[in-house]
Amino acid sequence: MIIDMHTHTFPDKIAQKVVNSLAREACSKPFSDGSMNGLLEGMKRGGVDYSVNLPVMTSPEQVEKINSQFIEAKEQLHTQGIICFGGMHPEYTQIRQELTRLKKAGIKGIKIHPAYQKLDLNHSKMMNIISIASELDMIVITHAGIDIGIYDHDYASVKHVLQVLKEVQPSKLVLAHMGGWGCWDDVERDLTGAPVYFDTAFSLGPIEPLPGWDKTPIAEHNLTPEDFARIARKHGTDKILFATDSPWQEQADAVALVNSAPLTADEKEQIFYKNATELLHINV
């Protein structure tokens with residue numbers, strides 16, 4: 001059993017265009033066209049049983065429309081192994097009402113993205129989202145660390161995370177990218193052992209660049225399997241969730257990388273699916 005806790009898709013009509021644009025910003029090669037079919041094909045190649053599909057709201061006007069689309073498609077997609085989450089934007093004004101609507105519809109969590117939403121994770125508006133979601137016993141998955149396509153500011157630093165943990169004390173917070181992409185020393189020193197989940201999305205390398213890649217060298221920023229295993233054990237393998245950030249990482253490659261890490265079979269089972277099934281409250 002394998003559960004991928006962090007994937008993205010886009011509507012068929014715009015998927016390829018959106019993915020191409022994001023790829024140019026990040027200078028990183030996508031592994032699918034970003035469509036739902038692209039995700040399903042990647043799951044087959046990687047032997048992934050379930051993928052959590054995460055919408056990223058880049059404006060408050062998108063919140064209700066996109067959440068409604070995910071609510072409507074939830075049951076049909078679940079039969080194909082897709083688990084729909086909702087999304088939230090910090091400038092949206094009816095947060096409690098919208099999260100309650102998602103909760104009543106059976107949506108188990110939401111995604112926020114401080115870098116794309118241009119607001120630090122420790123801003124009061126972001127912490128309010130996390131606080132209300134926690135009250136509703138919902139999972140919050142947030143981008144953590146530097147965004148590969150946005151170098152001007154770290155919107156979700158380890159320092160920001162520590163403030164959120166202290167002031168909000170969220171019950172089900174998942175930090176994407178092993179707690180903070182590209183900030184591994186800070187994560188290992190200050191976040192391992194904290195009451196928070198890390199997902200593995202886009203954290204084990206190498207990164208395959210686009211042709212003509214001329215931005216700051218980043219391929220070496222990803223963790224080796226040995227570094228990954230060390231940090232996972234320091235944090236607790238019961239709080240690590242397998243994830244890929246598809247379409248930005250081939251699911252089969254990500255599975256192979258975790259399998260190559262010097263971890264026990266029991267630890268890998270925790271990471272691949274056991275932790276996720278407990279967090280999502282699903283039977284396998």
Using a Gaussian network for the chain with springs between C-alpha atoms less than 10 Å apart, which of these wobbles most: HIS177, HIS89, HIS160? HIS160
Given unit charges at Cβ for Lys, Arg (+) and Asp, Glu (-), the dipole magnitude of segment 1-146 about its Cα centre in debye, nearest 20, is 100 debye
Hey, what D do you get for segment 1-95 in µm²/s if you plug the Kirkwood alpha-carbon radius into Stokes-Einstein at 25 °C and 0.890 mPa s? 173 µm²/s
Cα-based Rg and Dmax for segment 81-125, in Å, come out at 11.6, 35
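List the trypsin sites (Lys or Arg not before Pro) within segment 1-102 that fall in a DSSP loop (any state other than H, G, I, E or B) and whose Cβ has at most 12 other Cβ atoms within 10 Å.
Sites meeting the loop and neighbour criteria: LYS13.
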Over segment 3-280, what is the mean sequence separation of C-alpha contacts under 8 Å (at least six apart), divided by residue count, expressed as relative contact order in percent? 21 percent
Which value in deg cm²/dmol, rounded to the nearest 500, describes the helix-derived mean residue ellipticity at 222 nm for the chain, given -39,500 (n - 2.57) per DSSP H run of n ≥ 4 and division by the residue count? -11500 deg cm²/dmol
Taking a 29 Å limit on the Cα-Cα distance, which of the listed pairs LYS172/LYS234; LYS17/LYS44; LYS44/LYS234 fall beyond it? LYS44/LYS234
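How much length, in nm to one decimal, is gained on full extension between ILE282 and LYS159, taken as 0.36 nm per residue of separation minus their Cα-Cα distance?
41.0 nm
FYI, it's all coordinate maths here, none of it is from the lab. These figures come from a predicted structure and were not determined experimentally. Because the Cβ atoms are built from the backbone with ideal geometry, glycine has one as well, and the counts that use them run over all protein chains shown.
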